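Q: The structure's right below; bear with me while I get my questions together.
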Amino acid sequence: MKVKACLNQKKAIISSLTRLKNNTLEDINELDSSELKIRKNRFDTIGEELKTIFDNLFSLARDTEIEDYILEKQELFDTWEEMLILLDRRVSHLNKTNKNTEVTHTRNSNSTEIKLPTLSLPTFSGVIEEWLTFSDLFQAAVTNNQNLTGAQKLQYLKGVLKGDAQKIVQSLPITDGNFQIAWGLLKERYFHKREILSSLMKKLMNISPITCESHAQILKLVDSTKECVRLLETLDLKVEGTADIILMFVIQFKLDSTTRGWWERSLDSEKIPSLSELLQFLTNHARSLMTEGYGVKRNISNKKVTLVASGFQLHCSYCQNNHNLNKCDAFQNLSVQKRVNFVKSNNICFNCLTQFHRKSACKSTNKCRKCGKSHHTLLHFMTPSEPNSSIPRDANNSVLSASAQVFHPVMSDATNTDTGPNPPNVNNPSITSCSGFDSNSQVLLCTALVNVYDSFGGTQLCRVLLDPGSKAWLITNSCLERLGLPRKRAHVRISCLGASDTRTNGISEIKFTPHFTSNISFVTSVYVVNKIVGQLPHFSLDSSWSEPFSDLKLADPTFFKSGPIDILIGVNIALPMLKGQSLSLGDSKPFAVRSDLGWIVAGNVPSEEMFSSIAVNSIQVVTDDLVSNFWKLDSVPEASLLTSEERACEDHFIETHVRNEDGRYVVRLPFHSPPSKLGIQEN
């Protein structure tokens, strides 16, 4: 049979199918059961004819035409199957109506109008970790449905497959027997326990850690963990025994310090907890945080009320009475040093004077009323420059104190490898220079949020500072311990402008990506230090400063919030990251610079509040230098011999210099020869 003859037959059959479909749709409510069966038989005949015609076309057509014929066949058979389903439903409805003669006509008409929402079938694009979920849902909705034929099931299957998965069954004709073949091909391709297990464990390790005590983050961690555990059980892999303990510790390492502290306090000292106990604790803890959040909204007008008082009685950790520590008269009567010692020994927050959390996790935005730093006013040390217990607000005020306390970096034995001739000596005399200044604006430095890979292969969110003026890469001790990365011994002195040298606590290697994508990554070595810089910015700004940049993908979406810095990025990568494109809000206002980490916001931010800053420079004087200076002072100075020209200059200065009203020295110009030789006219 030639192609042209097949096409003519196909055209005639399609015309018959269209005409029969239109007539059936018009008359379907008037046809009885026998007439409906006749119409169904005619549709069956047309379907067989269509199948024969397309089989002939597939054998005669060119390769470039086959795909078009396949699509046309699928569209025609979709229409054909819809009509068969419609006829079957109508026949079934008529049969039920005839059997139940007691049901009134009104009730029958109402029942035909009730239509439940159509269930959407799950789609599958060939991602192996999605196979278990897809397989379970599709089998429940389609495969186990006894009212569907194999051809109909295959039609549904082809409709929900995408990408590579669709290509596997694309060439199979829609017949009753081909459904099991298609399902077997998909199962053979995607149901590999080892690969599915590997993807599940990777997903479990990459669960985002909790960055703060938030009920939303905690519940997300619980839900993701339970999902992975359920999928493991689908593979007949029970999470019990040693596996349960390992998973429990993996999830425990993803908790923030505050939540982990509550978890540790809830445990017995001897018993090893299970994963289910940890998840149950996190669920209850998240529920309590949600309750506290509701209380904050209700009592927002009264800032002095302790909102947890409805479920917790106030307790002073110093005198054991029913009031807060900052309201305790006995505690206030102590000296500042004794207050500080008590706070340290009882694990009390230096900022809000409450227990059970560290200063780094404190949510209080209050600062010291005397110096503006992030500690409680009761813990403020008065300096000689503070006669009235307040910082002087003179920008030119500078106080030099030889007795001020100086910070010396402390090196542990495990990392101290200095064998040089001049190790630091904490007994050497030190001089500290303190200067204060006021400003009604602060400067935003270049900060970014990055995902740093930890020792488990997952990522943790860290805050970095881009410093094009630094040759070194730095990371804090606390950040490295949180990541669980190994360190090597390295004893390096890091010099800062106007400050004493800082010794490193080792060296490590990190890999990080931008917080919004993993397509680009950076690997570098970092020196470990106790602290890089204080809170940046120095105090939190109004969130409205982020609104002009809302359309940009920011490197640090929380640039306006005061927070710690975990990592410092040096010049060798900080400058290449910058792409040159920038957007500015105007003079003395923030601007944004595009980089590989996203748009970085920096620059001046005006503020209605006066911001006080104190700069401290420590200069360590070595004892050998003191001895050398002593001998210089004790010896008789040698007389210096001046030339005749130098002596003439000295005499000229003594004879002609005067001091004007501004305090400046004025001296006449010295000449070797008379000024007339230079063409200068004397007045």
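Q: Where the centre of each part is set by its Cα atoms, how far does segment 502-539 sit from segment 208-233, in angstrom?
A: When both Cα centres are located, 26 Å separates them.
Q: Given a Förster radius of 35 Å and the C-beta distance between Asn326 and Gln252 as r, what FRET efficiency does 1/(1 + (r/R0)^6) yield to the nearest 0.05? Intermediate results must be reported in sequence, preceding the final value.
A: Values: r = 33 Å, r/R0 = 0.94.
It comes out at approximately 0.60.
Q: On a 18 Å Cα-Cα criterion, which of the cross-link pairs Lys488/Lys511; Lys193/Lys238; Lys220/Lys254; Lys193/Lys254; Lys471/Lys589; Lys344/Lys561 come out too long?
A: Numbers: Lys488/Lys511 16 Å; Lys193/Lys238 14 Å; Lys220/Lys254 12 Å; Lys193/Lys254 27 Å; Lys471/Lys589 28 Å; Lys344/Lys561 27 Å.
From the list (Lys488/Lys511; Lys193/Lys238; Lys220/Lys254; Lys193/Lys254; Lys471/Lys589; Lys344/Lys561), the Cα-Cα distance tops 18 Å for Lys193/Lys254; Lys471/Lys589; Lys344/Lys561.
Q: Looking at the P(r) of segment 117-246, how many percent of alpha-carbon pairs lie beyond 20 Å? Could you put the intermediate results ahead of the total?
A: Values: 4550 of 8385 pairs.
Tail of the P(r) past 20 Å holds 54 percent of the pairs.
Q: With each label point set 7 Å from Cα along the Cα-Cβ vector, what nm distance links Ser120 and Glu547?
A: Going from the Ser120 label point to the Glu547 one covers 3.4 nm.
Q: Still on this structure: Ordered by packing density, taken as the mean number of other Cβ atoms within 10 Å over each peptide's residues, highest first, how do 462-475, 534-547 rank? Provide the component values of the computation, followed by the final result.
A: Details: 462-475: 19.8, 534-547: 14.6.
Top to bottom by mean Cβ count within 10 Å: 462-475, 534-547.
Q: Then there is this: Please list, in chain and number order, the residues 5+ apart from His375 or on another chain whose amide H is under 5 Å from its amide H, with Hs placed from the backbone.
A: Correct list: Cys368.
Q: Report the gain in length on full extension from Leu237 to Ser588: 0.36 nm times residue separation, minus Cα-Cα distance, nm rounded to one decimal. Walk me through the numbers before you get to the answer.
A: Details: separation 351, 0.36 × 351 = 126.36 nm, distance 6.11 nm.
Length gained, Leu237 through Ser588: 120.2 nm.
Q: Would you grab the residues whose amide H sits under 5 Å from the one on Trp599? Only those 5+ places off in sequence or on another chain, please, with H modelled 1.01 Å from N.
A: Here the answer is Lys553, Leu554, Ala555, since their amide H atoms fall under 5 Å of that of Trp599.
Q: Efficiency by 1/(1 + (r/R0)^6): what FRET value for Ile70 and Gln581, r their Cβ-Cβ distance, R0 = 45 Å, to the nearest 0.05? Before the final figure, lay out the partial values.
A: Details: r = 48 Å, r/R0 = 1.07.
The calculated FRET efficiency here is 0.40.
Q: Past the 18 Å Cα-Cα mark, which pairs from Lys10/Lys51; Lys11/Lys158; Lys73/Lys187; Lys373/Lys531?
A: Numbers: Lys10/Lys51 10 Å; Lys11/Lys158 26 Å; Lys73/Lys187 26 Å; Lys373/Lys531 16 Å.
In this structure, Lys11/Lys158; Lys73/Lys187 lie more than 18 Å apart at Cα.
Q: Starting from the Cα-Cα distance between Asn519 and Asp55, subtract it from 0.36 nm times their residue separation and give me the gain in nm to one decimal. Before the final figure, lay out the partial values.
A: Values: separation 464, 0.36 × 464 = 167.04 nm, distance 4.66 nm.
That works out to 162.4 nm of additional length.
Q: Now, a different point. Could you calculate the contour length gain from Lys471 to Ser540, that is, 0.36 nm times the residue separation minus the distance between their Cα atoms, to one decimal place in nm?
A: Values: separation 69, 0.36 × 69 = 24.84 nm, distance 2.88 nm.
Extending this stretch completely gives an extra 22.0 nm.
Q: If you plug each phi of segment 36-52 into the Karplus form 6.51 cos²θ - 1.76 cosθ + 1.60 with θ = phi - 60°, what whole-Hz ³J(HN,Hα) values come out, in order, with x for Gly and Pro?
A: Ordered by residue, 3J(HN,Hα) equals 5, 5, 5, 4, 5, 4, 5, 5, 4, 5, 5, x, 5, 5, 4, 4, 5 Hz.
Q: A further question follows. Once the Cβ-Cβ distance between Val571 and Glu227 is put in as r, and R0 is 60 Å, what FRET efficiency do you end up with, to the nearest 0.05? Can you show the working numbers first?
A: On the way: r = 44 Å, r/R0 = 0.73.
E(calc), rounded to 0.05, equals 0.85.
Q: Taking Rh as the Kirkwood radius computed over C-alpha pairs, what is the Stokes-Einstein D of segment 480-597 at 37 °C in a medium of viscosity 0.692 mPa s, expressed in µm² per second?
A: Numbers: Rh = 16.8 Å.
Translational diffusion coefficient: 195 µm²/s.
Q: Please give me the summed charge of the neighbours of Asn206: other residues whose Cβ is under 12 Å from its Cβ, Lys and Arg +1, Asp and Glu -1.
A: Numbers: positive: Lys202, Lys203, Lys254; negative: Glu129, Asp454.
Neighbourhood net charge equals +1.
Laboratory data are not the source of any read-out in this text; all were calculated from the coordinates shown. What you are looking at is a predicted structure, and each value in this text was computed from that prediction instead of being measured. Cβ sites come from the backbone with ideal geometry, for glycine too, and all protein chains shown count toward neighbours.
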